[in-house]
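Working notes, structure below.
Each value in this text was obtained by applying a stated rule to the coordinates, not by laboratory testing. Treat the numbers as computed from the prediction; the structure is a model and nothing was measured. Heads up, the Cβs are rebuilt from the backbone with ideal geometry, glycines too, and the neighbour counts pull from every protein chain shown.
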Amino acid sequence: MIHSPSEPISVGRRHLMRPVLLVLAFVFALFVALVQILTLTAGTWVNRDSNGTQRLGLSSLAIVEFDGIIPSQTNPNTYLVTMHQFAASFAYTYPSKSLAGTLDSSPHLPYDLGAVAHALRLPESEWACYHFAQDACQNNPFLSAFRNSWLILPTATANFALVYALIVVSYLFITELLIAVRPSWLRCQCYFSCIKRVCPCPRGTRAEIEALPPVFWDRYRGWCWFMLPAAAFLPAFTLGGNGMLLKEYVNRPRGLEGDVNGRFGTGFVILQALCFAASVAGAGCMVMRRRLGMRKSWMGEQGVGLKRGA
């Protein structure tokens, strides 16, 4: 017999799909954790090739990039050095000279601009004003324009959000392990009765908790997994907010001939969007798993599906 695509899913297929959805959810959770690790480590080291070329590690994951320091001799509207803001470093690249380097864990502007000029071995007269207030930045309009404009980005919130995302993913894995081997350890420990009424954790003796049906644990997982989208969103929000502050700071009109071109890193934006999508997909897998575990097909409950012979 050929079933219509809109008919309720059979009991056998539902039981087969449930473990598949669980595995998919944890694959998505692992991806969320991997994104946080990549974000934390991007731009914190320099790759040095055998020919002397220097490249930033995972430079494509820069949150914000902008150009400056050395103007182009052939095109005065552009600069040859690019600064990169990462979650854990502030770095620079000089592509035409195959140079790269890292500075502080976060930008401290404008002083880091002078540090970049010093690292590139520019004449001291160009960046001395960043170390000696009475001196002027000679022959470098870019450094002169930024000299009296300050920006220090708050990094504590962004760092907390990244660590929190990793903790949430670890919590999901530990919870799944306990459900399988020692569910009684997840017993409700709430002290106040008003909180106990809404707490999703099981109550009862060890034997009673271990005898709970799978549908209870699917409901419990649902409470846990709704934390994953929030955990994936917070790093993108906090890092993006810092990036917006830096982008606005460098693009502020200063009468420069060249274009600083402050912009968000394409790789960062794409990766964070994929991370959030994966977190929503992971939570969605758990919702579908719970629906499929109910005695009656959820599609049937909603009145979806064609009656046979209709």
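Using unit Cβ charges (K, R positive; D, E negative) and no other charged atoms, how large, in debye to the nearest 20, is the dipole of the chain about its Cα centre?
The dipole magnitude comes to about 2140 debye.
So how do 97-107, 45-55 stack up, highest first, on mean other-Cβ count within 10 Å?
Those peptides, ordered most packed to least, come out 97-107, 45-55.
Only Lys, Arg, Asp and Glu count, each charged at its Cβ (+1, +1, -1, -1), so figure out the dipole size of region 61-194 about its Cα centre, rounded to 20 debye.
460
Determine the gain in length on full extension of the stretch GLU208-ASN77; use 0.36 nm per residue of separation and subtract their C-alpha separation, reporting nm with one decimal.
39.8 nm
Tell me which trypsin sites (Lys or Arg not before Pro) from region 169-239 have a DSSP coil assignment and no more than 10 other beta carbons within 10 Å of their own.
Taking region 169-239 and a limit of 10 other Cβ atoms within 10 Å, the loop trypsin sites (Lys or Arg not before Pro) found are ARG197.
Which listed residue (ASN51, TYR191, TYR249) has the Cα farthest towards the positive end of the charge dipole for the chain, taking +1 on Lys and Arg C-beta and -1 on Asp and Glu C-beta about the Cα centre?
Of the candidates, TYR191 comes out farthest on the positive side.
For region 192-237 and region 112-164, write down the distance between their C-alpha centroids in whole Å.
Taking the Cα centre of each part, region 192-237 and region 112-164 sit 49 Å apart.
Just add up the charged neighbours of ALA145: K/R +1, D/E -1, any other residue whose Cβ is under 11 Å from the Cβ of ALA145.
That sum, taken over residues with Cβ under 11 Å, equals +2.
Let a ≥ b ≥ c be the square roots of the eigenvalues of the Cα gyration tensor of the chain; is it rounded (a/c under 1.5), or, if not, prolate (a/b larger than b/c) or oblate?
Judged from the Cα gyration tensor, the chain comes out prolate (a/c at least 1.5, a/b above b/c).
Quickly rank 161-167, 275-281 as a protection proxy: mean count of other C-beta atoms within 10 Å, highest first.
The most tightly packed comes first, giving 275-281, 161-167.
On a 0 to 90° scale, report how tilted helix 156-181 is relative to the longest principal axis of the chain, with both axes built from alpha carbons and the result rounded to the nearest 10.
So the helix axis and the longest Cα principal axis differ by about 30 degrees.
Calculate one ³J(HN,Hα) per residue across region 90-103 by plugging θ = phi - 60° into the Karplus curve 6.51 cos²θ - 1.76 cosθ + 1.60, and present them in order as whole Hz with x for glycine and proline.
With coefficients 6.51, -1.76 and 1.60, one gets 10, 9, 9, 9, 10, x, 5, 10, 6, 10, 7, x, 10, 10 Hz.
Among PRO110, LEU292, ILE37, whose Cα projects farthest towards the positive end of the dipole of the chain, with charges put on the beta-carbon of Lys, Arg (+1) and Asp, Glu (-1)?
LEU292
Whole-Hz ³J(HN,Hα) for each residue in region 119-125, computed from phi via Karplus 6.51 cos²θ - 1.76 cosθ + 1.60 with θ = phi - 60°, x for glycine and proline: what do you get?
Values per residue, Gly and Pro as x: 5, 7, 6, 6, x, 4, 4 Hz.
Suppose only helical runs count, i.e. DSSP H with n ≥ 4. What mean residue ellipticity at 222 nm does that imply for the chain under -39500 (n - 2.57) per run, divided by all residues and rounded to the nearest 500 deg cm²/dmol?
It comes out at -16000 deg cm²/dmol, rounded to the nearest 500.
For a footprinting-style exposure proxy, rank TRP225, TRP150, TRP217 by other Cβ within 10 Å, fewest first.
Result, fewest neighbours first: TRP150, TRP217, TRP225.
Just want to confirm a number: the relative contact order over the chain, from Cα pairs under 8 angstrom separated by 6+ residues, in percent.
Relative contact order of the chain: 27 percent.
Measure nothing but the geometry: give the 0 to 90° angle between the long axis through the Cα atoms of 214-225 and the longest principal axis through the Cα atoms of the chain, rounded to 10°.
The helix 214-225 is inclined about 20 degrees to the chain.
Among the chymotrypsin sites (Phe, Trp or Tyr not before Pro) in region 75-148, which ones are in a DSSP loop with at most 12 other Cβ atoms within 10 Å of the Cβ? Mind listing them?
Answer by residue number: PHE132.
Among GLY255, GLY241, GLY68, which one shows the highest mean-square fluctuation when the chain is modelled as a Gaussian network with alpha-carbon springs under 10 Å?
With Cα springs under 10 Å in the chain, the top fluctuation among GLY255, GLY241, GLY68 is at GLY255.
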